[in-house]
Each structure stands twice: as C-alpha cells, then as structure tokens.
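Encoded as structure tokens, the structure appears first; notes follow it.
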Amino acid sequence: MSHSSEPRPMTSRRGDPLNGVAHVPGDKSISHRALILGALSVGETRITGLLEGQDVLDTAKAMAAFGAQVERLGPGEWSVHGVGVGGFSEPGSVIDCGNSGTGVRLIMGAMATTPITAVFSGDASLSRRPMARITTPLSQFGAQITAREGDRLPITIQGAADPVPLHYRTPVASAQIKSAILLAGLNAPGETVVIEAEPTRDHSERMLAGFGAEIRTEVTDEGNVITLVGRPELRAQPVAVPRDPSSAAFPVVAALIVPGSTIRVPGVSRNPTRDGLYVTLLEMGADISFENAREEGGEPVADLVVRHGPLKGVAVPPERAASMIDEFPILSVIAAFAEGKTVMNGVAELRVKESDRIDAMARGLRANGVTVEETRDSMTVHGMEKVPGGGMAATCLDHRIAMSFLVLGLATEDPVMVDDGSPITTSFPDFLPLMQGLGATMDV
Ligand code: S3P
C-alpha cells in the first residue's frame with residue numbers, strides 16, 4: 001500500500017525566513033515511465049535520479065512481477081533489464097499500485113496487448129477513481145476487462161492475443177489516457193493514433209522516441225495528433241530523471257509567502273507541458289528567476305531562484321489547466337496571500353485526483369479563515385493581508401493536499417494542522433527534512 005495505515009498528524013507555523021538550497025526529488029511522471037519503458041526494452045536501462053516515493057516503488061515492484069529484472073543500485077540509481085515489447089509474463093499475484101493513478105493506468109496500458117491476465121488493485125483513494133477512461137480504449141484494442149461497479153479497481157485484464165491498433169480521441173485532457181494508449185499500441189501491429197484537443201505532458205512521447213520507437217506529433221486544428229508505429233524493438237537507454245516541477249512548487253510557494261525568504265531550487269524540469277504554475281506565478285508578480293537553463297535527460301531544466309515579495313491575484317485561463325493540473329492546490333494556497341482574487345476555471349479534473357481537490361482545498365482553506373467559492377469546475381480564492389490559520393485540514397489520502405496546507409501554515413497568523421501527513425511519502429519522502437532544512441517550522 002502507499003503508506004502506513006496510522007494517521008500522522010502534522011503542524012506548521014510561522015517562523016524565520018526560508019533560506020538555502022532545496023534539492024527536490026526526481027520527476028514522478030518520468031520515473032514511472034523510465035521503469036515501464038525499461039521493462040519493455042531489450043537490454044539494461046540505467047536510471048539516475050529516480051523518485052523513490054511509494055508510487056514509483058509500487059511501479060518498480062509491478063515491473064518485476066511482469067518479468068523484468070529491477071534492481072536498486074544506490075540512492076536514486078536503478079537498473080532495469082527489460083523483456084522487450086510483448087515480452088511481459090503473467091504475474092503470480094495481484095498488482096497493487098497503492099495510491100498511484102499514473103502507475104495503474106500506464107501499467108494497464110502496457111500489458112493490455114499481451115496475452116496474459118493481471119489483476120490490479122489500489123488503496124482506498126485509488127479504488128474510488130474512475131478507470132473507464134482507460135478500460136474503454138484498452139477494450140477497443142481487444143483486451144477483455146472486468147471492473148468493479150462504476151469501472152473502479154480492482155480490475156482484471158486479459159490482454160488481447162490479437163490486438164488491433166487504435167485511433168482514439170481522448171475525451172478529457174489526460175496524459176495518463178494518452179500514455180496508456182501509446183503503451184498498449186506498442187504491441188499492436190500498424191499505427192496507433194491518439195488525438196488530444198488540449199496538449200498534455202509529453203514525457204511518454206519524448207521517452208518512446210528516445211528508446212527508438214517511431215512516434216510523431218502533428219499540431220492540427222483538432223489538437224495534437226500523436227502517431228505511434230507498433231511493434232518496435234525498444235532499445236534500453238540511460239535515463240537521467242530531472243527534478244519534479246510539481247514537487248518544487250511546495251518550497252517555491254513557501255519562499256514566496258514567507259517574508260524575507262530567498263531559496264534556490266536546482267535542476268528543475270521546465271518542460272513547457274508542465275510549466276503552467278510558473279507562468280501563473282510570474283503573472284502574479286512572483287520574483288522567480290530561471291538560471292543555467294540547460295538540457296538534462298532530454299528535458300529542459302533550470303535552477304530556480306525564488307524571493308519573497310508582493311503578489312496579486314490573477315485569472316488562470318482554462319487552456320492552461322493541463323500544464324499545471326497537479327499545482328492547483330498549492331496555487332490556491334498562494335492565492336490566499338495575494339491581493340485580490342484568483343480565479344481557476346476549467347478545473348473539473350481536480351475532482352477525480354487522489355482526492356476531490358476542489359472540495360479538499362475549499363474546506364481546508366475555509367477552516368483557516370479564507371474565503372473560497374467553488375462550482376463543479378472552478379474555484380475562486382480571495383486573498384487577504386493576514387491569513388488567520390488556526391484550522392485543521394483533512395488530507396483525504398492526498399499527498400498534495402497535505403503539503404499544500406503545511407506550506408499555508410508557514411505564513412498564517414496561527415499554526416495550521418493536517419490530520420494525516422503520511423500520504424506525502426507517495427511523491428516527496430523527504431519533504432519534512434527538506435522544509436526544515438530551509439528553516440520552516442513544521443513537525444509531526
Ligand atoms: C500524470 C498525468 C496527470 C497528473 C498525474 C501524473 C502523468 O494526470 O495529474 O499526477 O504522469 O501522466 P491526468 O493525465 O489524468 O490528468
């Protein structure tokens with residue numbers, strides 16, 4: 001499972017300015033993909049900078065269950081000896097993906113066109129999340145799929161013995177849907193095509209090309225059209241995982257709201273499909289500079305230098321949502337300290353993440369004295385000069401909700417408590433020591 005079943009209440013409070021260097025963990029999306037593509041390649045894939053959060057560890061375990069040889073060589077350094085496209089063997093037990101939507105959805109795609117059977121499960125949060133968005137296209141490849149009521153986990157997939165390639169338009173902007181289809185398309189003959197109206201993170205496309213697949217993206221009037229030629233021989237590659245911009249968001253926002261702070265966050269991915277929060281922060285007037293822009297592991301990266309300063313509320317355009325989909329919880333925190341209101345439209349997908357993030361943020365912010373309005377697909381946060389705090393937030397098995405409220409408490413008048421910080425280990429195992437190292441007053 002993703003974390004211990006014992007709740008871990010945590011508190012954060014106002015203190016000194018934050019200072020120093022924050023080495024945030026490896027990118028979660030890229031870490032999952034490196035393990036999965038390594039397992040589908042021929043030869044040894046060496047991965048450095050892998051995120052060793054529970055979500056990714058569950059994916060590593062799953063790849064071993066499907067027959068890959070997966071070994072940890074040192075901190076963040078892993079070796080995967082793959083079995084090749086179509087080479088997965090039938091796992092001997094249930095594949096438990098813990099808390100990870102990315103893990104389960106991508107792995108279901110990766111096995112759905114191989115004639116083996118696998119059963120997938122997850123924790124209480126993952127078992128509530130919608131899976132029809134994945135099982136519908138995978139069935140069209142020819143896989144036989146049985147799910148619990150409402151297309152939820154546990155799910156059994158009997159992979160297609162004779163898969164047909166797919167031509168599919170994604171119904172919502174989701175890199176997980178796109179990636180599941182591309183991974184399934186690897187073992188289908190001919191061309192698999194995914195059309196997405198709004199561009200989503202493109203790590204799968206970049207990495208598939210890096211591993212030798214023939215894949216191209218055309219930008220058309222109907223959106224991005226991604227075409228993958230099936231049955232390639234994927235060649236094992238070294239993968240250097242850049243640092244996660246979604247994890248960097250927590251110390252970055254903390255430095256922006258705690259007076260007197262200056263921090264440096266080196267080696268953060270600046271992939272344009274992940275950059276929406278940083279674009280928004282700059283529009284809010286945030287003092288962030290991007291130094292030493294360079295390329296690492298096929299991704300653009302930079303060192304961020306962040307300084308506290310005044311902020312103003314903004315309206316985030318809905319077409320930016322996909323490029324910052326995981327960052328709305330922390331944006332709603334910084335919005336509480338900005339002058340005026342911050343409006344987030346077109347964010348209905350937040351309701352089906354690790355928790356209903358609109359509901360979780362609205363409740364927790366209100367408990368800490370912040371005015372929030374919500375609709376089915378929007379959230380508006382009213383900024384204030386002094387944010388009271390003093391409330392308890394329910395984290396709802398959601399790492400990003402937990403970290404967001406702990407950052408909030410660093411600048412509120414009174415401390416902020418979260419009922420359970422244990423989900424943080426899914427994506428940012430060293431969050432607490434890293435924040436404490438910057439000078440934050442945060443404890444269990
Ligand atoms: C991810 C895609 C996003 C994001 C998730 C990671 C990925 O989900 O929320 O944390 O690695 O592909 P959706 O694609 O469902 O929006």
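The values are calculated or read from the model by the stated rules, or taken from the named source; none is laboratory data. Owing to the predicted nature of the structure, the values given are computational and were not obtained by experimental measurement. Cβ coordinates were reconstructed from backbone atoms using ideal geometry, including for glycine residues, and neighbour counts include every protein chain displayed.
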**Report entry** One residue from THR11, THR45 being closer than 30 Å to GLY439 by Cβ and assigned to a strand (DSSP E or B)
**Finding:** THR11
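Tell me, which residue of the stretch 159-194 that is in a strand (DSSP E or B) and of a type in the set (Val, Ile, Thr) is surrounded by the most Cβ atoms within 10 Å (Cβ to Cβ)?
Going residue by residue through the stretch 159-194, those that are in a strand (DSSP E or B) are 167-169, 191-194.
Within this subset, residues satisfying the condition of being of a type in the set (Val, Ile, Thr) are 192-194.
Values: THR192: 28, VAL193: 18, VAL194: 26.
Filtering the stretch 159-194 for residues that are in a strand (DSSP E or B) and of a type in the set (Val, Ile, Thr), the one surrounded by the most Cβ atoms within 10 Å (Cβ to Cβ) comes out as THR192.
Only one residue in LEU153, LEU138, LEU183 is within 18 Å of GLU205 (Cα to Cα) and either away from the ligand (no atom under 16 Å from the Cβ) or not assigned by TED's automatic domain parsing to the domain that holds VAL347 (or both), so which one is that? Steps first, answer last, please.
Numbers: LEU153 fails: within 18 Å of GLU205 (Cα to Cα); LEU138 fails: within 18 Å of GLU205 (Cα to Cα).
Of the residues listed, the single one that is within 18 Å of GLU205 (Cα to Cα) and either away from the ligand (no atom under 16 Å from the Cβ) or not assigned by TED's automatic domain parsing to the domain that holds VAL347 (or both) is LEU183.
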Query raised in the report: Would you call THR170 within 19 Å of VAL225 (Cβ to Cβ) and within 16 Å of the ligand (Cβ to nearest atom)?
Result: yes
Query raised in the report: If you go through the stretch 195-214, how many residues are crowded, with 22+ Cβ neighbours inside 10 Å, in contact (Cβ under 8 Å) with a residue 24 or more places away in the chain and not in a loop (DSSP other than H, G, I, E, B)?
Result: 5
Query raised in the report: If you check every pair at least six apart or on different chains, which have Cβ atoms under 6 Å apart with a residue in the stretch 145-163 that is within 10 Å of ILE116 (Cβ to Cβ) first and a residue that is small (Gly, Ala, Ser) second?
Result: ILE157/ALA112; ILE157/ALA118; ILE157/ALA143; GLY159/ALA112; GLY159/ALA143
Query raised in the report: For the stretch 390-427, what are the residues that are hydrophobic (A, V, I, L, M, F, W, C), assigned to a loop (DSSP other than H, G, I, E, B) and crowded, with 24+ Cβ neighbours inside 10 Å?
Result: LEU410, ALA411
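Can you name the residue in the stretch 267-283 that is in a helix (DSSP H, G or I) and among the charged types (D, E, K, R) and is also farthest from GLY49 (Cα to Cα) among such residues? Give the derivation first.
So in the stretch 267-283, the residues in a helix (DSSP H, G or I) come out as 272-274, 276-283.
In the following step, the residues that additionally are among the charged types (D, E, K, R) were identified as 274, 283.
Details: ARG274: 18, GLU283: 31 Å.
The qualifying residue farthest from GLY49 (Cα to Cα) is GLU283.
Considering the stretch 187-209 alone, what residues qualify as being away from the ligand (no atom under 16 Å from the Cβ) and within 26 Å of GLU296 (Cβ to Cβ)?
In the first step, residues of the stretch 187-209 are kept if they are away from the ligand (no atom under 16 Å from the Cβ); the result is 187-193, 209.
Matches in the stretch 187-209: ALA209 only.
Is there a residue in the stretch 347-369 that is part of a strand (DSSP E or B), surrounded by fewer than 21 Cβ atoms within 10 Å (Cβ to Cβ) and more than 16 Å from the ligand (Cβ to nearest atom)? Give the steps one after another, and end with the answer.
Applying the first criterion (part of a strand (DSSP E or B)) to the stretch 347-369 yields none.
No, because not a single residue in the stretch 347-369 is part of a strand (DSSP E or B), surrounded by fewer than 21 Cβ atoms within 10 Å (Cβ to Cβ) and more than 16 Å from the ligand (Cβ to nearest atom).
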**Report entry** Among residues of the stretch 58-98, those that are more than 15 Å from SER29 (Cβ to Cβ) and out of contact with any strand residue (DSSP E or B) (no Cβ under 7 Å at 6 or more places or on another chain), counted
**Finding:** 14
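Look at VAL24 and say whether it is under 22 Å from the mean Cα position of the chain (by Cα) and without any contact (Cβ under 8 Å) to a residue 60 or more places away in the chain.
Numbers: under 22 Å from the mean Cα position of the chain (by Cα): yes; without any contact (Cβ under 8 Å) to a residue 60 or more places away in the chain: no.
Against the criterion (under 22 Å from the mean Cα position of the chain (by Cα) and without any contact (Cβ under 8 Å) to a residue 60 or more places away in the chain), VAL24 does not qualify.
For every residue, the table says whether it meets (1) over 16 Å from the mean Cα position of the chain (by Cα); (2) surrounded by fewer than 24 Cβ atoms within 10 Å (Cβ to Cβ); (3) closer than 28 Å to ALA124 by Cβ; (4) within 16 Å of the ligand (Cβ to nearest atom).
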| site | (1), (2), (3), (4) |
| --- | --- |
| SER12 | yes, no, yes, no |
| THR59 | no, no, yes, yes |
| ALA62 | yes, no, yes, yes |
| SER79 | yes, yes, no, no |
| GLU90 | yes, yes, yes, no |
Query raised in the report: Can you name the number of the only condition in (1) under 17 Å from LYS61 (Cβ atoms); (2) surrounded by fewer than 24 Cβ atoms within 10 Å (Cβ to Cβ); (3) more than 16 Å from the ligand (Cβ to nearest atom) that THR117 fails?
Result: (1)
Requested in this report: Give me a count of the residues in the stretch 220-230 that are out of contact with any strand residue (DSSP E or B) (no Cβ under 7 Å at 6 or more places or on another chain) and either in a strand (DSSP E or B) or not assigned by TED's automatic domain parsing to the domain that holds ALA209 (or both).
Outcome: 1
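Could we say that ILE145 is more than 16 Å from the ligand (Cβ to nearest atom) and either surrounded by 22 or more Cβ atoms within 10 Å (Cβ to Cβ) or in a strand (DSSP E or B) (or both) here? It would help to see each step written out before you state the result.
On the way: more than 16 Å from the ligand (Cβ to nearest atom): yes; either surrounded by 22 or more Cβ atoms within 10 Å (Cβ to Cβ) or in a strand (DSSP E or B) (or both): yes.
Taking the combined requirement at face value, the residue satisfies it.
If I ask for residues that are outside any helix (DSSP H, G or I) and free of Cβ contacts under 8 Å to residues at least 60 places away in the same chain, which ones from the stretch 313-342 would you list? Can you show your working first?
We begin by selecting, within the stretch 313-342, every residue outside any helix (DSSP H, G or I); these are 313-317, 336-342.
Within the stretch 313-342, VAL314, ALA315, VAL316, PRO317, ALA338, GLU339, GLY340, LYS341, THR342 qualify.
Yes/no matrix, rows are residues, columns are (1) outside the structural domain of ALA248 (by TED's automatic domain parsing); (2) in contact (Cβ under 8 Å) with a residue 40 or more places away in the chain; (3) of a type outside the set (Phe, Trp, Tyr):
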| position | (1), (2), (3) |
| --- | --- |
| ARG14 | no, yes, yes |
| ASN19 | no, yes, yes |
| LEU37 | yes, yes, yes |
| GLU44 | yes, yes, yes |
| GLY49 | yes, yes, yes |
| ASP58 | yes, yes, yes |
| GLU71 | yes, no, yes |
Report task. Please determine, by comparing only the residues of the stretch 271-312 that are free of Cβ contacts under 8 Å to residues at least 60 places away in the same chain, touching a helix residue (DSSP H, G or I) at 6+ places or on another chain (Cβ under 9 Å) and of a type in the set (Asp, Glu), which one is nearest to HIS382 (Cα to Cα). Result -> ASP287
Report summary line: Of the listed residues (ILE325, ILE334, ILE330), the one being within 16 Å of the ligand (Cβ to nearest atom), within 23 Å of the chain's Cα centre (by Cα), in the same structural domain as MET384 (by TED's automatic domain parsing) and buried (at least 23 other Cβ atoms within 10 Å of the Cβ) is ILE330
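Only one of ARG320, ARG307, ARG264 is surrounded by 16 or more Cβ atoms within 10 Å (Cβ to Cβ) and either farther than 24 Å from THR48 by Cα or within 16 Å of the ligand (Cβ to nearest atom) (or both). Can you tell me which?
Details: ARG307 fails: surrounded by 16 or more Cβ atoms within 10 Å (Cβ to Cβ); ARG264 fails: either farther than 24 Å from THR48 by Cα or within 16 Å of the ligand (Cβ to nearest atom) (or both).
Result of the check over ARG320, ARG307, ARG264: ARG320.
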